[in-house]
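> Here it is: the structure, laid out below.
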Amino acid sequence: MKKISILALIISLFASAFAIANEVNIFNARHYKADAEMYDKFTAATGIKVNLINGKSGALEKRIAEEGADSSADLYITADAGRCGAMEAKGLLQGGLSSETIRASVPKNFRTNKWVGVAKRARIIYYSPERVSGAELSGLTYEGLADPKWKGRIVLGNQVTFTIISCSFIN
């Protein structure tokens, strides 16, 4: 992904979907201090108030589905692209995420006109330099970790998630 600040991309997301709004309602399935700081910066830069409705993904999605066209959700933020795809299949998402900033910043395989990935997920691998050289790890794919040659040589930690997936509403 080309380098761009997450704030600029979020501003572009909001601007393309909510150009005339004085406030935006974000159904947020993520709970990180950095996210709240980003929304504060968005409000400072645009004057658009951000109302956060926090909850677990399943509960927020159920609420959106039950409210249908009357949902107050303008944007749904989650860390799971599969959830956006499932909501799109149910007809719960609205198109419109098509600004030039999004097209220029997010590779086509990480966006549709209804949802866009704006960050990546990192997997951490621990290894002992006495057993594994850095050169051996160069170009290693996630699938390559299944090779029996790595048994007893590397440790996979819990995933560290740096993903923000946004879905726009309402159809």
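The values are calculated or read from the model by the stated rules, or taken from the named source; none is laboratory data. Keep in mind it's a predicted model, so treat the numbers as computed, not measured. Every residue, glycine as well, gets a Cβ built from its backbone with ideal geometry; the counts of neighbours run over all protein chains shown.
> Tell me which helices (runs of 4 or more DSSP H) are completely within the stretch 26-102 and hold 2 or more residues being not assigned by TED's automatic domain parsing to the domain that holds LYS114, or say none if there are none. Break it down stepwise before answering.
On the way: elements: 33-46, 57-67, 81-89.
Because the criterion is at least 2 residues that are not assigned by TED's automatic domain parsing to the domain that holds LYS114, no helices (runs of 4 or more DSSP H) in the stretch 26-102 meet it.
> Another one. Residues of the stretch 1-25 being surrounded by 14 or more Cβ atoms within 10 Å (Cβ to Cβ), modelled with pLDDT of 55 or more and in a loop (DSSP other than H, G, I, E, B), which ones?
Within the stretch 1-25, just ALA21 meets the criteria.
> For the stretch 97-152, which residues satisfy the criterion of being of a type in the set (Lys, Arg) and either surrounded by 10 or more Cβ atoms within 10 Å (Cβ to Cβ) or in contact (Cβ under 8 Å) with a residue 12 or more places away in the chain (or both)? Walk me through it before giving the result.
Kept after step one, since they are of a type in the set (Lys, Arg), are these residues of the stretch 97-152: 103, 108, 111, 114, 120-121, 123, 131, 149, 151.
Hits for the stretch 97-152 are ARG103, ARG111, LYS114, LYS120, ARG121, ARG123, ARG131, LYS149.
> Ok, one more. Could you tell me how many of the residues in the stretch 31-77 are of a type in the set (Lys, Arg), more than 18 Å from the chain's Cα centre (by Cα) and exposed (fewer than 14 other Cβ atoms within 10 Å of the Cβ)?
2
> Let me ask something else about it. Could you check the stretch 30-55 and list, in sequence order, the residues that are modelled with pLDDT of 90 or more and under 19 Å from ALA81 (Cβ atoms)?
Scanning the stretch 30-55 gives a single hit, GLY55.
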